[in-house]
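A.B. asks: Starting off with a structure, shown below.
The values are calculated or read from the model by the stated rules, or taken from the named source; none is laboratory data. Just so it is clear, the structure is predicted and the values come from calculations on it, not from any experiment. Every residue, glycine as well, gets a Cβ built from its backbone with ideal geometry; the counts of neighbours run over all protein chains shown. These accessible areas exclude ligands, DNA and RNA; they are computed on the full protein's heavy atoms, side chains included. Shrake-Rupley method; radii C 1.70, N 1.55, O 1.52, S 1.80 Å.
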Amino acid sequence: MSAIDHLIHANARYAETFPGPRPLRPKLRLSVISCMDSRLDLFGALGLEIGDAHLIRNAGGLPTEEVLRSLAISQRKLGTREVVIIHHTECGMEGFDDPAFRAELAATGVTPSWDVPGFTDLHDTMRKSIRTVRECPWIPNREDVRGFIFDVATAKIEEVV
């Protein structure tokens, strides 16, 4: 059975006990920006339930222009007010070679319009991420932006101030 077939069967089981639709606006008025890493169980680690928060994920959990677009929609149209950014230990973006990756993609004949910034200092990258969100004019609620490092070995989060 393929992974997609597994998803189809799991969905059929889930739909049998589905409690029904939830409100469009996140109950906690919270957006979480995090890495796409499959080891991050944001619901379990943060005590979230379906409908509590918007989860915006990408490689590295970095506030790229696309993430800021989603965050602007989340706040301006769907009522979120607080932002949590989660980076993590053992991230694949740590030490990532963007120029080499872009060259690999350009070899297909199409050069991407975006970059894939890697990083070397996890805490410094978090401070930059917080600053990027706080300085974004598209985001009306920028006061309560907090950043955390998730330890993939322990599942504990450490706040970066």
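A.B. asks: Quick check, is Val152 modelled with pLDDT of 95 or more, more than 30 Å from Gly20 (Cβ to Cβ) and part of a loop (DSSP other than H, G, I, E, B)? Before the answer, list the steps.
C.D. replies: Numbers: modelled with pLDDT of 95 or more: yes; more than 30 Å from Gly20 (Cβ to Cβ): yes; part of a loop (DSSP other than H, G, I, E, B): yes.
Yes, satisfied.
A.B. asks: Here is a further query. Open to solvent by 40 Å² or more (accessible area, probe 1.4 Å) and more than 19 Å from the chain's Cα centre (by Cα), is that true of Thr108? Give the derivation first.
C.D. replies: On the way: open to solvent by 40 Å² or more (accessible area, probe 1.4 Å): yes; more than 19 Å from the chain's Cα centre (by Cα): yes.
Here the answer is yes, as Thr108 does meet what is asked.
A.B. asks: Has segment 138-160 got any residue that is closer than 22 Å to Asp41 by Cα, in contact with a Ser or Thr (Cβ under 8 Å, 6 or more places away or on another chain), open to solvent by 80 Å² or more (accessible area, probe 1.4 Å) and in contact (Cβ under 8 Å) with a residue 40 or more places away in the chain?
C.D. replies: Step one: list which residues in segment 138-160 are closer than 22 Å to Asp41 by Cα, which gives 145-160.
Keeping just the survivors that are in contact with a Ser or Thr (Cβ under 8 Å, 6 or more places away or on another chain) gives 147, 149-153.
Okay, now just the ones that are also open to solvent by 80 Å² or more (accessible area, probe 1.4 Å), so 153.
Next cut, in contact (Cβ under 8 Å) with a residue 40 or more places away in the chain only: 153.
Yes, that holds for at least one residue.
A.B. asks: For His87, which of the numbered conditions (1) closer than 27 Å to Lys27 by Cα; (2) in contact with a helix residue (DSSP H, G or I) (Cβ under 9 Å, 6 or more places away or on another chain); (3) in contact (Cβ under 8 Å) with a residue 12 or more places away in the chain; (4) outside any strand (DSSP E or B) fails to hold?
C.D. replies: (4)
A.B. asks: Please state which one of Arg102, Arg146 is among the basic types (Lys, Arg) and in a strand (DSSP E or B). Spell out the reasoning first.
C.D. replies: On the way: Arg102 fails: in a strand (DSSP E or B).
One residue alone meets the criteria, Arg146.
A.B. asks: From Gly118, Gly20, Gly95, grab the single residue that is in contact with a Ser or Thr (Cβ under 7 Å, 6 or more places away or on another chain), modelled with pLDDT under 95 and more than 16 Å from Val133 (Cα to Cα). Full working, then the answer.
C.D. replies: Values: Gly118 fails: in contact with a Ser or Thr (Cβ under 7 Å, 6 or more places away or on another chain); Gly20 fails: in contact with a Ser or Thr (Cβ under 7 Å, 6 or more places away or on another chain).
The match here is Gly95.
A.B. asks: Still on this structure, please answer the following. Please work out if Gly109 is over 29 Å from Pro137 (Cα atoms) and modelled with pLDDT under 95. Please lay out each step first, then the result.
C.D. replies: Details: over 29 Å from Pro137 (Cα atoms): yes; modelled with pLDDT under 95: no.
In short, no.
A.B. asks: Restricting attention to segment 71-84, which residues are outside any strand (DSSP E or B) and buried (at least 19 other Cβ atoms within 10 Å of the Cβ)?
C.D. replies: Step one: list which residues in segment 71-84 are outside any strand (DSSP E or B), which gives 71-81.
Across segment 71-84, the qualifying residues are Leu71, Ser74, Gln75, Thr80.
A.B. asks: For segment 46-54, check the following and say yes or no: at least one residue is among the hydrophobic types (A, V, I, L, M, F, W, C), surrounded by 12 or more Cβ atoms within 10 Å (Cβ to Cβ), at negative phi and in contact with a Pro (Cβ under 7 Å, 6 or more places away or on another chain). Working first, answer last.
C.D. replies: Within segment 46-54, the first condition is being among the hydrophobic types (A, V, I, L, M, F, W, C), and the residues that meet it are 46, 48, 50, 53.
Then drop every residue that is not surrounded by 12 or more Cβ atoms within 10 Å (Cβ to Cβ), which leaves 46, 48, 53.
When the remaining residues are screened for being at negative phi, the result is 46, 48, 53.
Those left that are additionally in contact with a Pro (Cβ under 7 Å, 6 or more places away or on another chain): 53.
Within segment 46-54, one or more residues are among the hydrophobic types (A, V, I, L, M, F, W, C), surrounded by 12 or more Cβ atoms within 10 Å (Cβ to Cβ), at negative phi and in contact with a Pro (Cβ under 7 Å, 6 or more places away or on another chain).
A.B. asks: So, one more: Take the residues in segment 112-133 that are within 16 Å of Val32 (Cβ to Cβ) and not hydrophobic (A, V, I, L, M, F, W, C); name whichever of them is most open to solvent (accessible area, probe 1.4 Å). Please lay out each step first, then the result.
C.D. replies: Residues of segment 112-133 that are within 16 Å of Val32 (Cβ to Cβ), as a first pass: 126, 129-130, 132-133.
Within this subset, residues satisfying the condition of being not hydrophobic (A, V, I, L, M, F, W, C) are 129, 132.
Values: Ser129: 5, Thr132: 55 Å².
This residue is Thr132.
A.B. asks: Ok, one more. Can you tell me which residue within segment 19-38, out of those that are in contact (Cβ under 8 Å) with a residue 12 or more places away in the chain and among the hydroxyl-bearing types (Ser, Thr, Tyr), is surrounded by the most Cβ atoms within 10 Å (Cβ to Cβ)? If you could, list the steps in order and put the result at the bottom.
C.D. replies: The initial filter retains those residues of segment 19-38 that are in contact (Cβ under 8 Å) with a residue 12 or more places away in the chain, namely 22-37.
After this cut, where a residue has to be among the hydroxyl-bearing types (Ser, Thr, Tyr) as well, the list is 31, 34.
Details: Ser31: 27, Ser34: 22.
Checking each candidate, the answer is Ser31.
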